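Report on the structure given below.
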Amino acid sequence: FHQATENDTPVFIGKYNFNYDKGAENVFGFSGSNAECWEFKNNTSDACNFLGTIPDSWGDDFEARYPDKSTNITRFKQMHNWVVSTCQANATGAALASSYTDVDGNKHTVDNAAYRLAKFKTEFEQWFDMHYTAVYYTYTFFALMVDQRAKNMFLTYWGEEKRWSAWFYDNDTSFGINNEGQLVFDYFHSDTDQLEGANVYNGQNSVLWCNFRDAFPDEIKATYQDLRSNGVLNYDELVEQFITKGSDKW
């Protein structure tokens, strides 16, 4: 409700959630020269889906969340180039310059899809935090957060291990709501599904998330089971958070 002056009748404007701005550095604990956080701004660009390298004119795809207005994308680009190098669809079929032995002991001599996925699996934890990546994947899958796999994802580099992890921010799509605020999806959809010829998830072809799903099914399963057994993801908790503390207050 809004009053133009103290004596005016309040006018109903709408219902809103007050939220901390993404630039609220103290709230999110950003500090120091080693911390970085980059916002993904585009669901359809190749760069935001790791299908292609970051262009020189990258401002339409990415924006620095911390440090604010930073243009030093060097460290982020190094990680991004590595993910792009594991894109299975871009395998050339050419012989590798030297053989590659993966974490499972398999030897690869050709740049094919199997080699690229094996490279992703073998080198992943050199670049990313496994736990937080698995939590992010599991929750965006469980809650059908269809707009969090490309746009609205914040990749963050922080902590003693200095590896990347995905952070939530917008969270305006979940449990069947699309990014126009309409309840259009049933609960059972997967992140490989299509509805009327369109992908259910934005960023559904992201190399990062497709490879993660293919390379680490056991880790995803263990993370989900852990969240369920600890009472984080169950019906009663969802009712408490989304109904009792959420819609009932509205």
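The values are calculated or read from the model by the stated rules, or taken from the named source; none is laboratory data. Predicted model only: the values in this text are computed from it and were never measured. In this analysis, Cβ positions are derived from the backbone assuming ideal geometry, glycine residues included, and neighbour counts consider all displayed protein chains. For the accessible areas, the whole protein counts, side chains as well, though only heavy atoms, and no ligand, DNA or RNA atoms are used. Shrake-Rupley method; radii C 1.70, N 1.55, O 1.52, S 1.80 Å.
Here GLU219 clears all of (1) among the charged types (D, E, K, R); (2) surrounded by 16 or more Cβ atoms within 10 Å (Cβ to Cβ); (3) free of Cβ contacts under 8 Å to residues at least 24 places away in the same chain except the condition numbered (3). Within segment 60-79, being farther than 14 Å from PHE154 by Cβ and either open to solvent by 20 Å² or more (accessible area, probe 1.4 Å) or not hydrophobic (A, V, I, L, M, F, W, C) (or both) holds for ASP60, LYS69, THR71, ASN72, THR74, ARG75, LYS77, GLN78. Residues in segment 47-76 that are of a type outside the set (A, V, I, L, M, F, W, C), in contact with a helix residue (DSSP H, G or I) (Cβ under 9 Å, 6 or more places away or on another chain) and assigned to a loop (DSSP other than H, G, I, E, B): ASN49, GLY52, THR53, PRO67, ASP68. Residues that are hydroxyl-bearing (Ser, Thr, Tyr) and closer than 16 Å to ASN43 by Cβ within segment 175-204 comprise just one, TYR201.
Suppose the filter is closer than 20 Å to PHE154 by Cβ and surrounded by fewer than 12 Cβ atoms within 10 Å (Cβ to Cβ); does SER57 pass it? So SER57 does not fit the description; no.
Do you know which residues across segment 80-107 are open to solvent by less than 40 Å² (accessible area, probe 1.4 Å), more than 14 Å from GLN126 (Cβ to Cβ) and in a loop (DSSP other than H, G, I, E, B)? Scanning segment 80-107 gives CYS87, ALA91. The residues of segment 170-200 that are in contact with a helix residue (DSSP H, G or I) (Cβ under 8 Å, 6 or more places away or on another chain) and crowded, with 17+ Cβ neighbours inside 10 Å amount to a single one, ASP191. Note on segment 146-250: enclosed helices (runs of 4 or more DSSP H) holding 1 or more residues that are at pLDDT below 90 and out of contact with any Lys or Arg (no Cβ under 8 Å at 6 or more places or on another chain) are 235-238. Looking only at segment 1-51, filter to residues that are of a type in the set (A, V, I, L, M) and open to solvent by less than 40 Å² (accessible area, probe 1.4 Å); which one of those is farthest from the chain's Cα centre (by Cα)? Per the stated criteria, the residue is ALA24.
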